[in-house]
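The values are calculated or read from the model by the stated rules, or taken from the named source; none is laboratory data. Remember, predicted model here, so these are calculated numbers, not experimental data. Cβ sites come from the backbone with ideal geometry, for glycine too, and all protein chains shown count toward neighbours. Areas reflect the complete protein model, heavy atoms only, side chains present, ligands, DNA and RNA absent. Shrake-Rupley method; radii C 1.70, N 1.55, O 1.52, S 1.80 Å.
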Amino acid sequence: MSNTSIVTITRNNSKYLDPFFKALYENTKIKDFELVLVDNASNDSEAKHIDSLIREYEYYHEGGDKIKLIRNKEMKSFAANCNEGARQATGGFLMFLNDDTEVQPNWLDPLVVTAANDDGHYQSDRIAAV
């Protein structure tokens, strides 16, 4: 299957990020994904917490390069953050996932299968969003 980029926007939400990361990495069968995390100008303690979460979960990906952190110095709109996350994404599929989401087991496979051809590539003539 093609690589999936998951774009998540956060700002001072460590109470949500802990369960978000735990659920994402424990309940995602497809390990061929990258997380693009956009920190929308969190305060210093929250930024440090984000850094520690990234260090903790990087081991799920060989090389530790599948978590991209975009850190804003000043707050931007949600749409601007989504657009920046999408620009930095490299996956064949793009997903936007809120930071207060706790995904369930086997959540990503059916979405990718629905959007993909038999060869694992996007079917532009059939499906635009799942």
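Filter the range 74-93 down to the residues that are of a type in the set (A, V, I, L, M) and over 17 Å from PHE33 (Cβ atoms) and list them by number. I'd like the intermediate steps shown before the answer.
Residues of the range 74-93 of a type in the set (A, V, I, L, M): 75, 79-80, 86, 89.
Matches in the range 74-93: MET75, ALA79, ALA80.
Could you check how many residues of the range 102-119 are crowded, with 16+ Cβ neighbours inside 10 Å and either aromatic (Phe, Trp, Tyr) or at pLDDT 95 or above (or both)?
2
List the residue pairs whose Cβ atoms are under 7 Å apart, where the first residue sits in the range 31-56 and is over 21 Å from THR4 (Cα atoms), the second is in a loop (DSSP other than H, G, I, E, B) and open to solvent by 60 Å² or more (accessible area, probe 1.4 Å), and the two are 6 or more positions apart or on different chains.
ASN40/ARG11; ASN40/MET75; ASN40/LYS76; ALA41/ARG11; ALA41/LYS73; ALA41/GLU74; ALA41/MET75; SER42/ARG11
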